[in-house]
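The values are calculated or read from the model by the stated rules, or taken from the named source; none is laboratory data. Everything numeric in this text was worked out from a predicted model, so none of it was measured. Don't worry about glycine lacking a Cβ; one is built from the backbone with ideal geometry, like all the others, and counts go over all protein chains shown. For the accessible areas, the whole protein counts, side chains as well, though only heavy atoms, and no ligand, DNA or RNA atoms are used. Shrake-Rupley method; radii C 1.70, N 1.55, O 1.52, S 1.80 Å.
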Amino acid sequence: MRARAAATKNGRRRSPERVIAVFSDIHSNLEALQAVLEDMEAHGVTERFCLGDIVGYNADPALCLDVVRRLDCPVIQGNHDREGAEDEPLFGYRELARISMQHTRDRLSDEQKRWLRGLPLILEDPDFTLVHGSLFEPKEFFYVDSILEAEFHFANQQKQLCFCGHTHIARVFAQADIAEDLFLEEEAELRLEDGLKYLVNVGSVGQPRDRDWRASYVLYYPDSRRILYRRVQYDVGKAQQKINAAGLPAALGERILVGV
């Protein structure tokens, strides 16, 4: 969206504060994605960044990919984006993942797959870094689920702030001398402090796994150094019906109802 300049007291115009939305792990959930984009609009977002895994698991991989591409925002590659763009046999997958990945591959066009294959693994903004999983060997898509895994990540983080997804759990790690797992309350607001590095997991738009079914993403206000977690309700029943209509396993529809 095009931001409007704000007026100052003396009548001059000044640029508005940057309002940055960072979102991840849509996983073919069109209803959740649309609700999140509407919430971004309501909060005056000026920039968007997508941390990958647009596709996988749910019913609408091609439609979700089209929506994200029309945003014309920076996007990085997630592991499901990479796998969804490949044609290698799906050996070694658990049944649930294998069926959902085959569904994804069958619905993406050759052009969409080429676009996914061309996505970068890391993006650098002047103020922050973006990665899907971890800056420790990013092409391996390691999870950051523990203090030790956060330490491996922080050893490769140069900027104060990095955003990630991948685990589907809204979570923040901070490091001064050692890493710390910060407790997040619902709709948490984080203020960045000097002398600390932060790894901010934005959670998942389309398949949260922290027992809150609502879509998760974050707003970042760099001028005031604030990060606000957003949880957005959407038509989860419709998303579940589409999963069932597509012939996908019922477990996929059940998990988005409870956030696991």
Using a 1.4 Å probe and counting only protein heavy atoms, arrange ASP223, ASP66, ASP53 so the residue with the most accessible area comes first.
ASP223, ASP66, ASP53
Enumerate the amide H contacts of PHE142 below 5 Å, restricted to partners 5 or more residues apart or on another chain; note that Pro and chain-start residues carry no placed amide H.
SER134
For ASP194, what is the net charge nearby, where nearby means another residue's Cβ is under 15 Å from its Cβ and Lys, Arg count +1, Asp, Glu -1?
+2
Rounded if a/c is under 1.5, else prolate if a/b beats b/c, else oblate: with a ≥ b ≥ c from the C-alpha gyration tensor eigenvalues square-rooted, which is region 25-75?
prolate
For region 219-260, averaging the sequence separation of alpha carbon pairs under 8 Å that lie six or more residues apart and dividing by its residue count, the contact order in percent is 27 percent
Residue-count net charge about LEU116 - beta-carbon cut-off 9 Å; Lys, Arg +1, Asp, Glu -1:
+3
State, as an integer percentage, the relative contact order of the chain based on alpha-carbon contacts under 8 Å between residues 6 or more apart.
21 percent
Between LEU96 and LEU63, what length in nm is gained on full extension when 0.36 nm per residue of separation is reduced by their alpha carbon distance?
9.7 nm
Heavy atoms of ASP145 accessible to a 1.4 Å probe, total area in Å² rounded to 10:
70 Å²
When the Karplus curve 6.51 cos²θ - 1.76 cosθ + 1.60 is applied with θ = phi - 60°, which whole-Hz ³J(HN,Hα) does each residue of region 198-208 get, with x for Gly and Pro?
10, 10, 9, 8, 7, x, 10, 5, x, 7, x
Could you identify which residue out of ASN244, ASN79, ASN29 has the top mean-square fluctuation in a GNM of the chain using Cα springs shorter than 10 Å?
ASN244
Between rounded, prolate and oblate, where does region 140-193 land on the alpha carbon gyration tensor, with a ≥ b ≥ c its root eigenvalues, rounded for a/c under 1.5, else prolate if a/b exceeds b/c?
oblate
Please list, in order along region 127-137, the HN-Hα scalar couplings obtained from phi with the Karplus expression 6.51 cos²θ - 1.76 cosθ + 1.60 (θ = phi - 60°), rounded to whole Hz, x for Gly and Pro.
9, 7, 10, 10, 8, 6, x, 8, 6, 7, 6
Interchain or sequence-distant (5+) residues whose placed amide H lies within less than 5 Å of the amide H of ILE26 are ILE54, VAL205, GLY206
Separation between Cα centres of region 135-205 and region 81-101, rounded to whole Å
27 Å
Among GLN77, GLN158, GLN233, the residue with the largest mean-square fluctuation in a Gaussian network model of the chain built from Cα contacts under 10 Å is GLN158
